[in-house]
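Q: After the structure tokens below, expect a handful of questions from me.
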């Protein structure tokens with residue numbers, strides 16, 4: 001098991017404690033626990049820092065906590081006491097020379113665009129603006145190596161988000177928690193939650209209501225936050241149950257993170273979980289691309305696991321069954337196995353069984369497959385599948401048969417409907433076709449993220465650097481490449497993100513014949529000949545074509561760069 005350190009940066013209300021103009025006993029208290037800045041927490045993991053909410057006190061909080069780097073910001077909602085310190089990310093931009101991703105629900109992103117319009121407008125000459133990238137939260141996500149599960153709640157009539165990270169959860173500024181969200185809050189070690197005061201409030205949970213929620217969810221420890229000056233630290237703690245305490249600025253504790261486990265055989269699975277053979281919530285499939293349809297199923301598995309104290313698991317196949325049974329018709333895969341596993345891990349799944357698919361597995365009857373792998377090996381309690389799911393010899397098993405077998409072996413089966421995007425059922429086949437044709441923006445909508453190529457930097461001929469613009473060349477093992485052309489992309493190199501222009505093709509101006517992937521990174525001046533490189537494809541600009549010579553090509557490349565900069569400016 002690994003752990004992260006959680007620090008409470010602020011535990012007070014929107015007005016803080018002491019409150020301006022107030023001379024009550026708590027506001028004039030000399031107990032440092034009664035000095036409460038606006039509510040925020042810091043997650044520190046493997047040398048990286050993520051802040052939940054940048055309050056108006058963020059600069060002071062960051063200095064007090066000695067936050068020397070910032071890797072991401074997550075927002076619970078768009079109220080002023082949670083967002084108005086956003087401008088103070090600028091020093092981290094300058095120190096790290098990197099854009100900082102911002103995660104929030106879509107309505108909060110709209111508020112950020114409105115409240116901080118100057119960030120998203122064209123910068124005046126000589127000005128310094130926060131360099132941020134807005135990313136919408138629409139399900140579990142990964143940031144700085146942490147799996148984050150959003151917890152929807154209501155703040156009066158306004159939807160807000162709390163977050164679960166490992167065995168801890170943070171839920172400030174709420175009045176009610178839906179039943180579906182309570183299912184995501186089972187099995188907690190530490191629960192930080194809103195408890196404004198003793199007297200009821202229309203948009204906040206009070207002490208009595210929060211104690212009732214704690215009693216229902218049964219976390220090991222609970223910490224009340226967003227505390228007003230009605231609650232003195234020492235006096236309130238004397239009245240609370242032993243496992244409930246007021247949080248305070250500077251509170252720190254370690255959060256346990258369950259490791260992501262990959263097994264490659266039934267024997268390895270049994271060995272990995274010998275001491276904790278929990279029953280599982282499971283899904284089965286190839287999951288090439290881990291697209292929106294897959295994500296809907298995987299999110300369901302994670303939710304069922306948390307609600308039922310189960311382990312969330314995936315049974316997938318390698319190689320793709322078509323490679324074994326119909327190699328001449330096997331499709332080029334969207335992702336490598338490592339990319340597929342990384343995407344599954346980011347969705348909060350605990351473990352994956354990567355089954356070596358061969359003719360012996362293909363020959364198993366549906367009954368044999370279920371008994372050997374789902375029941376005996378993985379202890380399935382509930383299985384989520386798509387409506388078109390097939391399994392067993394000659395694909396003779398279907399959802400109806402699996403449901404019948406579940407009644408015999410003691411597991412439930414739930415059929416998850418397909419996801420429709422733009423009037424089209426999201427599928428790996430549809431995404432492959434879009435990528436082949438260069439329609440990477442369509443692929444992005446169906447994947448729920450940009451299509452990416454990963455691999456190693458390799459040396460090219462050097463002609464581009466000398467005659468046009470310097471580029472990094474990507475060598476990749478991925479089977480599926482975008483159609484030839486010029487693309488607006490992002491490049492990740494040395495753990496930093498850069499906007500880029502990427503050409504996929506044969507370099508006809510230089511009479512090339514081999515497909516290459518070359519990227520010109522904006523604001524990048526290093527000369528690299530090796531190392532990891534990831535290219536994320538956002539939009540196709542034009543076809544690749546032959547120019548009269550390097551000068552004409554360079555002129556077009558400059559136009560492409562301007563177009564790409566305008567494209568990304570419009571995405572803010």
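Please treat every number below as a calculation from the coordinates, not as lab data. Because the structure is a prediction, the values reported are computed rather than measured. Cβ sites come from the backbone with ideal geometry, for glycine too, and all protein chains shown count toward neighbours.
Q: Please report, in cubic angstrom per residue, the volume enclosed by the convex hull of the alpha-carbon atoms of the chain.
A: Per-residue hull volume (Cα only) is 167 Å³.
Q: If you don't mind, there's one more thing I want to ask. Where the convex hull is taken over the Cα atoms of the range 228-346, what is its projected area averaged over directions, in nm²?
A: Mean shadow area of the hull around the Cα atoms is 12.0 nm².
Q: Provide the gained length on full extension for the span residue 495 to residue 318, in nm with one decimal, where the gain is 0.36 nm per separating residue minus the Cα-Cα distance.
A: 60.8 nm
Q: Once you place label points 7 Å from the Cα toward the Cβ at residue 387 and residue 199, how far apart are they in nm?
A: Here the answer is 5.5 nm between the modelled labels.
Q: Using the per-residue mean of other Cβ atoms lying within 10 Å as a proxy for protection, in what order, highest first, do the peptides 545-557, 163-175 fall?
A: 163-175, 545-557
Q: To make sure I understand, if each residue's beta carbon is the centre and we count other beta carbons within 10 Å, what order do 132, 535 fall in, fewest to most?
A: So the residues, fewest neighbours to most, are 132, 535.
Q: Write down the radius of gyration of the range 2-257 and its Dmax, each obtained from C-alpha positions, in Å.
A: Both quantities, over Cα of the range 2-257: 17.6, 58 Å.
Q: Go from 0 up to the bin containing the longest alpha carbon distance in the range 259-329, width 10 Å each, and give me the % of pairs per bin.
A: 18, 42, 31, 9, 1
Q: Using alpha-carbon positions, what is the distance between the centroids of the range 1-34 and the range 62-96, in Å?
A: The range 1-34 and the range 62-96 have Cα centres spaced 18 Å from each other.
Q: By average Cβ neighbour count within 10 Å, what is the ranking of 208-218, 383-393 from highest down?
A: Order by mean packing, descending: 383-393, 208-218.
Q: Now a separate question. Looking at the range 275-421, what % of its DSSP beta bridges pair antiparallel, to the nearest 5?
A: Roughly 5 percent of the DSSP beta bridges within the range 275-421 come out antiparallel.
Q: Let me know the Rg and Dmax you get for the range 422-569 when you use only its Cα atoms, in Å.
A: Calculated on Cα positions, Rg and Dmax stand at 14.9, 47 Å.
Q: Counting DSSP beta bridges in the chain, what percent are antiparallel, to the nearest 5?
A: 60
Q: A further question on this structure: Based on a Kirkwood Rh over C-alpha pairs, give the Stokes-Einstein translational diffusion coefficient of the range 275-421 at 4 °C and viscosity 1.567 mPa s in µm²/s.
A: 83
Q: Need one number: nm distance between label points at residue 407 and residue 135, each 7 Å from Cα along Cα→Cβ, rounded to one decimal.
A: Output for this residue pair reads 4.5 nm.
Q: If you project the alpha carbons of the range 512-572 onto their three principal axes, what span does each projection cover, largest first, in Å?
A: 36, 31, 21
Q: Given the Cα-Cα distance of residue 212 and residue 87 and 0.36 nm per residue of separation, how much length would full extension add, in nm?
A: This chain segment gains 41.2 nm when fully extended.
Q: Take the Cβ-Cβ distance between residue 479 and residue 118 as r, set R0 to 56 Å, and report the resulting FRET efficiency rounded to the nearest 0.05.
A: 0.80
Q: Related question: With the contact rule set at Cα under 8 Å and sequence spacing of 6 or more, what percent relative contact order holds for the chain?
A: Relative contact order, the chain: 10 percent.
Q: Once you place label points 7 Å from the Cα toward the Cβ at residue 425 and residue 546, how far apart are they in nm?
A: Taking the two extended label points, one gets 4.4 nm.
Q: Calculate, for residue 337 and residue 253, the FRET efficiency according to 1/(1 + (r/R0)^6) with r their C-beta to C-beta distance and R0 45 Å; round to the nearest 0.05.
A: Working from the Cβ atoms, E equals 0.80.
Q: Rounded to two decimals, what ratio of Rg to Rh does the range 1-141 give with C-alpha atoms and a Kirkwood Rh?
A: 1.00
Q: Right, another one. At 0.36 nm per residue, minus the direct Cα-Cα distance, what do residue 571 and residue 189 gain on full extension? Give it in nm, one decimal, please.
A: That pair, residue 571 and residue 189, stretches by 133.6 nm at full extension.
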